[in-house]
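What follows is one structure encoded as structure tokens, with my remarks underneath.
Readers should treat all values here as calculations from the given coordinates under stated rules, not as data from a laboratory. What you see is a predicted model, and the numbers here were worked out from it, not measured in a lab. In this analysis, Cβ positions are derived from the backbone assuming ideal geometry, glycine residues included, and neighbour counts consider all displayed protein chains.
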Amino acid sequence: MTDFEIKMMNDMTIDTVSKAIVDETSKWGFKNADYLSLVNALLESSLNKPRTDVSEIITNENHALEKLKLPLSGEQIKIRLYNKATDYEVVNSWLEDELGRMFLLSRLNNEDTTLDKITKDERNLLGLITLEDSTPIGLMGFLDYDSKQNKAEMRKMIGSEEYREKGFAKEATMLWIKYGLNNLGLKKIYLYTIENNIRNVTLNKELGFQIEGILRKECLIDDEHYDLLRMGLIVDW
């Protein structure tokens, strides 16, 4: 990528994130003085919060991709393969709120699909996120896995609201990326996210994803259109 292309991508990222911040904080009654404080807070946060390099996610320093065994184990959570017989009811109950509908949303026709359709497609792989005591809390997915192009779309969801914003999503995402690189041989992982979901955009950026494009007014939720961001993680070794 040339310096010009990098600058264009950075400018696109800044414009997109800035718009999302303004849209979201305006709902909270932010004034001009509040945005000055926010700028200072963002600067301080950027200096103190290092981005995760993709090399930290794989298994060793030599970039040798050793096969991983399921379930994947982290510090707080585990990920095992989704099992329709035992997991269908709880997962289906998570798909009723906005986050759940985003997990099911088809990027091809902008319509909700179903859990059954996703699981029946052999190109899709789902992993259930659980706590150490096996309590189910969320779902990870690789959709449209292309073994020739070595790429797949990643989706993630903490389905139980009580477990959101506790760091589980980041840990699960890192484990799932590691699984995709090591076991599926992925060279590119991409995802889509609503433009005003600042927390999700920030998490993806921390994990090395970059904004690749903006689909303007692409997603309709509760009669309101939202921009959809496409973000990608590329492994070039």
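So if we plug the beta-carbon distance of Lys31 and Lys69 into 1/(1 + (r/R0)^6) with R0 = 41 Å, what FRET efficiency do we get, rounded to 0.05?
Here the calculated transfer efficiency is 0.15.
Using only the alpha-carbon atoms of region 148-237 as identical scatterers, what base-10 log of I(q)/I(0) does the Debye formula give at q = 0.12 Å⁻¹?
Values, matching the q order: -0.40.
Radius of gyration and Dmax for region 50-234's Cα atoms, expressed in Å?
Calculated on Cα positions, Rg and Dmax stand at 15.6, 50 Å.
With θ taken as phi - 60° and the coefficients 6.51, -1.76 and 1.60, list the Karplus ³J(HN,Hα) couplings across region 172-189 in order, rounded to whole Hz; mark glycine and proline as x.
My calculation for region 172-189 gives 5, 5, 4, 5, 5, 4, 4, 5, x, 5, 7, 9, 9, x, 5, 10, 9, 10 Hz in order.
Check cross-link reach from Lys217 to the lysines: straight Cα distance under 17 Å, and skip same-chain residues fewer than eight apart.
Lys217 reaches Lys19.
So how far apart, in nm, are the two label points at Ala85 and Ser18 if each is 7 Å from Cα heading toward Cβ?
Label at Ala85, label at Ser18, 5.6 nm between them.
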